[in-house]
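Participant: Take this structure, written in structure tokens, and hold onto it; I'll ask about it next.
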Amino acid sequence: LAYYGGTKVDAVLEAMEYAVYAHDVTHIVLDNLQFMTSGLARGAEIFTVMDQTVHRLRHFATSKQVHVTVVVHPRKEDES
């Protein structure tokens, strides 16, 4: 599955559920967490949104007995 830009968590979970059901997928790699949570909060609230998203992904992995790997890129800082 290929998504580009911001994709809602619900849409990603639906695609993951289909992949597990239809194709017997047992390992899912999501690159990256920031795309799923972009635009949902500002400042420190983004950490709450990310925490809720990871909670949903963990629940999915446990209930479907699959592995989910989530890529998290650190914010790029200006080195000058």
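The numbers here are math on the coordinates, done by the rules we state, and not lab data. A quick note: this is a predicted structure, and the numbers were derived from the prediction, not measured. A quick note on method: Cβ atoms are made from the backbone with ideal geometry, for glycine too, and the neighbour counts reach across all protein chains shown.
Participant: For Val25, which sequence-distant residues (separation of 5 or more, or a different chain) have an amide H within less than 5 Å of its own amide H, given hydrogens modelled in the peptide plane?
Facilitator: Here the answer is Val20, since their amide H atoms fall under 5 Å of that of Val25.
Participant: Turning to a different aspect of this structure: Please find, in a Gaussian network model of the chain (springs between Cα atoms separated by less than 10 Å), the residue of Thr69, Thr48, Thr37 whose mean-square fluctuation is greatest.
Facilitator: Fluctuation is largest for Thr48.
Participant: Treating the chain as a set of equal point scatterers at the Cα positions, no solvent, please give the Debye-formula log₁₀ I(q)/I(0) at q = 0.14, 0.17, 0.19, 0.26 Å⁻¹.
Facilitator: Taking Cα atoms of the chain as identical point scatterers yields -0.49, -0.69, -0.83, -1.39.
Participant: Another one. Which of the trypsin sites (Lys or Arg not before Pro) found in region 8-59 are loop residues per DSSP with 10 or fewer other Cβ atoms within 10 Å of their Cβ? Walk me through the intermediate numbers first.
Facilitator: Working: sites: Lys8, Arg42, Arg56, Arg58; in loops: Lys8, Arg42.
Answer in residue order: Arg42.
Participant: Please return the longest stretch of the chain lacking exposed loop sites, where GluC sites (Glu not before Pro) count only if DSSP places them in a loop and at most 15 other Cβ atoms lie within 10 Å. Could the numbers behind the result be given before it?
Facilitator: Values: sites that count: Glu77, Glu79.
Excluding the exposed sites themselves, the longest stretch runs over 1-76.
Participant: Okay, moving on. Along Cα→Cβ, 7 Å out, is where each label goes; now give me the distance between the ones at Gln65 and Asp51 in nm to one decimal.
Facilitator: A separation of 3.2 nm, rounded to one decimal place.
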